[in-house]
Structure formats: C-alpha cells, structure tokens
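The values are calculated or read from the model by the stated rules, or taken from the named source; none is laboratory data. This is a predicted model, so every value here is computed, not measured. Cβ coordinates were reconstructed from backbone atoms using ideal geometry, including for glycine residues, and neighbour counts include every protein chain displayed.
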Amino acid sequence: MMANLFSSFDPSTTIMSINWISSFIGMLLIPSMFWLIPSRMNILWMKITSTLHKEFKILLGNNSSGSSLIFISLFSFILFNNFLGLFPYIFTSTSHMALTLTLALPLWLSFMIYGWINNSIHMFAHLVPQGTPPVLMPFMVCIETISNIIRPGTLAVRLSANMIAGHLLMTLLGNTGPMMSMYMLNILILIQLLLLILESAVSIIQSYVFAVLSTLYSSEVN
C-alpha cells in the first residue's frame, strides 16, 4: 500500500517526463492576463506585484536597481506551480527536490560568488556576529559557515516538504472514503474541503517565504 501511495508523487523514472510540463502550464495564463484589455484579475495581480516590489525594495536597500523583479518572478513561478498542484491529475512539481533545489542552488551560488569577489571583507565580517567574545570566535565562524552552506538545502526542503505533506494527508484521507458510511463520508468531504483551503493558504505562504528568504540572502552580500 505504501509503495502505491508514494508512487502517486513519483514523476517518472525517465529523464524526459511529460509530468514536468505542468511546471509551464501556469505560463500559458500570463499572456492573456497581461496583454488583453485590463480586467479585475489584471488589476489584482498588479496590486500584488507592486506590494511585493515595495517590500523587496526595502529588504534589498537602496542598491536594488530592479533586482526585486527577479524575486517577484520567482514568487509568481512557485505560486503558479503550487496552485496547479491542487487540481486533480496535475503533477505538483514543487513537491520535488529536483525543482526546488534547482531554484535555490543557483541563486545561493550567485550571491556567494558575487559577495566573495566584490565584498570580501563584508562577507568575512558576517562570519562573526557583533559582540562575540574572542574565545568563541572560532566556533562562531564554524557555525556561521555551516548555516550559510545549508541555506539552499533548507530553502528547497522547506518548500517541497510543505507541499508534499498536505497532498499526502489528503491522499490518505481520500483512500479511506470507499470504506466509510454515508454519514462519515459527508464529514470526510467537509474535512477535505477544509484541507484544500489550508493547502491554498500554504501555497501562497510558501512561495512568499521562498522569495523573501532569497531576498534576505541577497541583501547580505551588499
């Protein structure tokens, strides 16, 4: 049973799997939303992006120079994929480390390369927090180095684990439906609807957290 349960989250064993095309389905919604006559959906999305731009600009500081657009695009891409995964028979690509680590690792590497090449003294200063006693400085350098190295892993694991946890719970509850009475089935449907609302909130929150943490990591290298 467990093999069949987890096989529902398996994209495929082949290299070129048609399941990963779901990552780009959300992109098909963008042209009609941005290039046709402005609608309520267009206005809502513009409000969201302008609010995110103001917030990311504060986090990045005065030297942002349009860098917030990268993180808004990242937020949009993850948000589309998270929501698409809530629809039946659509593969949730953000529940796999293959996608989340692909997003997190190049961002972190680019920040680190840029920071160590252009702001080496600033990066060394980040390894020792202000006010650390001299005796603890070697230990703090080791701790800060390890915490810096595992950042892309924590970003990727946080997103994929949160997305797969809710889907797994909904799958487990859904498999118990045929064995229930009519009265319990109505309660199960209500629970599934509440879980679906919760998963919608988690989809928004996790995409926002991923983008905000990436912005904070970027602001540390300047």
Checklist entry - For region 6-35, what are the residues that are part of a loop (DSSP other than H, G, I, E, B) and modelled with pLDDT under 65? => result Ser8, Phe9, Asp10, Pro11, Ser12, Thr13, Thr14, Ile15, Met16, Ser17
Item to check | Within region 174-222, considering residues that are buried (at least 16 other Cβ atoms within 10 Å of the Cβ) and among the polar types (S, T, N, Q), the one farthest from Ala156 (Cα to Cα) | outcome: Asn222
Checklist entry - When Met112 is evaluated against the numbered criteria (1) modelled with pLDDT under 85; (2) buried (at least 17 other Cβ atoms within 10 Å of the Cβ), which criterion, by number, is the only one it fails? => result (1)
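So which of Asn148, Asn162, Asn186 ends up being farther than 30 Å from Phe71 by Cβ and not in a loop (DSSP other than H, G, I, E, B)? Show your work before the answer.
Values: Asn148 fails: farther than 30 Å from Phe71 by Cβ; Asn162 fails: farther than 30 Å from Phe71 by Cβ.
None of the others qualify; the one that does is Asn186.
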Checklist entry - Could you say which residue among Ser181, Ser219, Ser207 is at pLDDT 85 or above and on the phi < 0 side of the Ramachandran plot? => result Ser207
Checklist entry - Exactly one of (1) farther than 21 Å from Asn222 by Cβ; (2) at pLDDT below 85 is unmet by Ser64. Its number? => result (1)
